[in-house]
Amino acid sequence: MNMRSLLVIAISVGMWMMGWLYTPPAWALTQIKVSNLSYEECPSEFGNMVTSGGASQAATCFIITGTAENPSGKYVYDADVFGRIYDANNNPVMQNRTRVGSIDEVPPGKSTFEIRVSVPASQPTPLKLEQFKASGFTSRVR
């Protein structure tokens, strides 16, 4: 073996060993428990029309409120909230979609949140809020 080959092997082994000594932090999702859900119709200044694919449709605006429980001991940012919303006839109000919104910051422990959703005006109330949960990161996602 020549000197160049030995140098390449030594550098490779050194880098492999450094991988064992330094491991970058894992940015895992933090699960947030969601409870005490309720909703109310938005104030009139929020409007009652939504635009989808260039066409305006009549909609009813609702604000969903609840409690988020963050067990991590750290702030969680950009937590996506997932759940199923059904109308009075058990029809889904958001077809093929379970993400209903997000919470910018969830402090450690329990805190309240609110999310605004628009529901087609043709869907009867009362709404049923089911299977809600959230997850986010302990640092901002860029």
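Numerical summary
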read-out: 3J(HN,Hα) from dihedral phi, the stretch 65-77, Karplus parametrisation 6.51/-1.76/1.60, rounded to Hz, x for glycine, proline; value: 10, x, 10, 10, 10, 9, x, 6, x, 10, 5, 10, 10
read-out: Inter-label distance, nm, simple model (7 Å from Cα along the C-beta direction), Gln57/Asp78; value: 2.8
read-out: Rough spin-label spacing in nm, given labels placed 7 Å along Cα→Cβ, for Ala121 and Cys42; value: 1.4
read-out: Amide proton proximity set for Ser72, modelled H, under 5 Å, gap of 5+; value: Gly109
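A short reminder: the numbers here are calculations on the coordinates, not readings from a lab. Not measured: the values here are computed from a predicted model. Counting neighbours? That spans all protein chains shown, and the Cβs are built from the backbone with ideal geometry, glycine included.
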